[in-house]
Amino acid sequence: MTAIHLRKLVKKYGDTTAVDGIDLDINAGELFFLLGPSGCGKTTLLRMLAGFIDPTAGVVMFGDKDVTLTPPNKRNTGMVFQSYALWPHMTVAENVAYGLKIRKHTPVNQRKKALEALAKVHMEHLADRKPNELSGGQQQRVALARAIVVEPEVLLLDEPLSNLDAKLRLEMRSEIRRICTSLGITTVYVTHDQKEALSIADRMAILKDGQVQQVGTPAEIYREPISQFVAEFIGETNFVPAETVKSGYQAAFGFLAADATCTEKKVVCSIRPEALVVTEIPKSTNALSGTCLSTIYLGELAQHQVEVTGGQVLRVMEVNPTHINKVGDTMHLYVAPHDVVPLPAT
């Protein structure tokens, strides 16, 4: 297994800086996600790892090897593209074996290893079909088998599920997780889909304007964001303006206690919609009361908009609702101190 180390990595296109001095360590055997909005530099970074783009400055290390200027065919990486890029005139097995053919493996060995790789993605029974006879999910598995058959040190995935429908994306998430974990290959996965990253990643980096904003496990990123950008990018949240006081934070609707701390005088408290608990009797601590502006009932949950003192409207997600609130009803809410995340106001 191979670790990846990036040091002060920069990529410029004229006056535009796509990647701006990134320092990053990806552990050996880790399933690591690069996540961010369009134009944040994640795909440029992935292509520098593959060797398709030379950096303007900085160093790319695979383990203790400097591969910054090593051409793609000498890096021993496997890549799965968004478009799959399967040869339509070749069978599934021939597509998978193509990298082995380029590496001068014997035809017998090509076939053997291709079938082994297809078995890992549960596609060996379709080895002799053509790509146009496969579904989108099956084509994605073939592309994955083609990437792993050469036994790469590093596997690179560039938004591999974006062309699939919602149901297939859910199925392939668990498949990719299973395959990468069982093989122990260091995997770097680019996506803009937060749910995809949260459900699969060991760790992730959130990028903005070519810079890393935060690195952590899915739970750390979701529950302990370090900025408004990260909190808002990963899932939904409410930003409550407040001031730091001696034992907590003073908002327009009242006092908020929080386990986390922020030294800034002006803060915003990030509170996830599902952290706001609907109660029948007002709580004494971290209590909010407001007027229901709207309710959407979805069976297993209800989505509310509640206007609290000061005029702020909060999004509330009530799990397993037993009482359906009506517009104009008074709603009592509670949020636990560990669900209040104070952040510097921007």
> If we count every other residue with Cβ under 15 angstrom of Cys292's Cβ, Lys/Arg +1 and Asp/Glu -1, where does the sum land?
Replying inline: -2
> Among Ser247, Ser227, what is the fewest-to-most ranking by other Cβ atoms within 10 Å?
Replying inline: Ser247, Ser227
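Do the sum for the chain: with -39,500 (n - 2.57) for every DSSP H run of n ≥ 4, divided by all residues, what is the mean residue ellipticity at 222 nm, to the nearest 500 deg cm²/dmol? Display every interim value, and only then the final one.
Values: 8 runs with 84 residues, N = 346.
Estimated from H runs of four or more residues: -7000 deg cm²/dmol.
For the chain, which DSSP H helices look membrane-span-like by this rule: Cα extent along the axis of 15 Å or more and mean Kyte-Doolittle of at least 0.5?
Values: long enough: 92-102 (16 Å, 0.70); 107-120 (20 Å, -0.79); 136-148 (18 Å, -0.18); 166-183 (26 Å, -0.26).
Length and hydropathy pass: 92-102.
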> What spacing in nm lies between the two simple spin-label points modelled at Ser174 and Ser284, each 7 Å away from Cα in the Cβ direction?
Replying inline: 4.6 nm
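Using the crude model of +1 on Lys and Arg Cβ and -1 on Asp and Glu Cβ, and no other charge, please compute the dipole size for the chain relative to its Cα centre, in debye to 20.
On the way: 36 positive and 38 negative charges, 244 e Å.
With Lys and Arg at +1 and Asp and Glu at -1, about 1180 debye.
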>> Net charge around Ala205, counting only other residues with Cβ within less than 14 Å of its Cβ (Lys, Arg = +1; Asp, Glu = -1)?
In response: -4
> Taking only C-alpha pairs under 8 Å that are 6+ residues apart, what is the relative contact order of the range 236-344 in percent?
Replying inline: 34 percent
> Out of these labelled values of P(r) over Cα pairs in 20 Å bins from 0, in percent, (i) 27, 45, 25, 3; (ii) 28, 51, 18, 3; (iii) 31, 56, 13, 0, which was calculated from the coordinates shown here?
Replying inline: (i)
> Which of the listed residues, Pro344, Leu170, Ala287, is farthest toward the dipole's positive end in the chain, when Lys, Arg count +1 and Asp, Glu count -1 at the beta-carbon?
Replying inline: Leu170
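Subtracting the Cα-Cα distance from 0.36 nm times the residue separation, let me have the gained length for His323 to Ala219 in nm, one decimal. Walk me through the numbers on the way to the answer.
Numbers: separation 104, 0.36 × 104 = 37.44 nm, distance 3.05 nm.
Length difference between fully extended and current span is 34.4 nm.
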>> Springs between alpha-carbon pairs under 10 angstrom, Gaussian network model over the chain: which of Ala275, Ala219, Ala166 fluctuates most?
In response: Ala166
> With each pseudo-label sitting 7 Å past Cα toward Cβ, what's the Asp165-Leu293 distance in nm, one decimal?
Replying inline: 3.6 nm
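Go through Lys246/Lys266; Lys74/Lys130; Lys167/Lys208 and tell me which ones have a Cα-Cα distance over 21 Å in this structure.
From the list (Lys246/Lys266; Lys74/Lys130; Lys167/Lys208), the Cα-Cα distance tops 21 Å for Lys74/Lys130; Lys167/Lys208.
Using only the alpha carbon atoms of the range 236-344, find the Kirkwood hydrodynamic radius as the inverse mean reciprocal pair distance, in angstroms to one decimal.
Numbers: mean 1/r = 0.0715 Å⁻¹.
Radius from the Kirkwood sum: 14.0 Å.
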> At what distance in nm do the modelled label points of Thr244 and Thr261 sit from each other, each positioned 7 Å from its Cα along Cα→Cβ?
Replying inline: 0.9 nm
> Which of the trypsin sites (Lys or Arg not before Pro) found in the range 224-298 are loop residues per DSSP with 15 or fewer other Cβ atoms within 10 Å of their Cβ?
Replying inline: Lys246, Lys265, Lys283
> Over the chain, what is the percentage of antiparallel beta bridges among all DSSP beta bridges, to the nearest 5?
Replying inline: 75 percent
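Throughout, read-outs are computed from the coordinates displayed, never taken from laboratory work. Remember, predicted model here, so these are calculated numbers, not experimental data. Glycine gets a Cβ as well: all are built from the backbone with ideal geometry, and neighbour counts include every protein chain shown.
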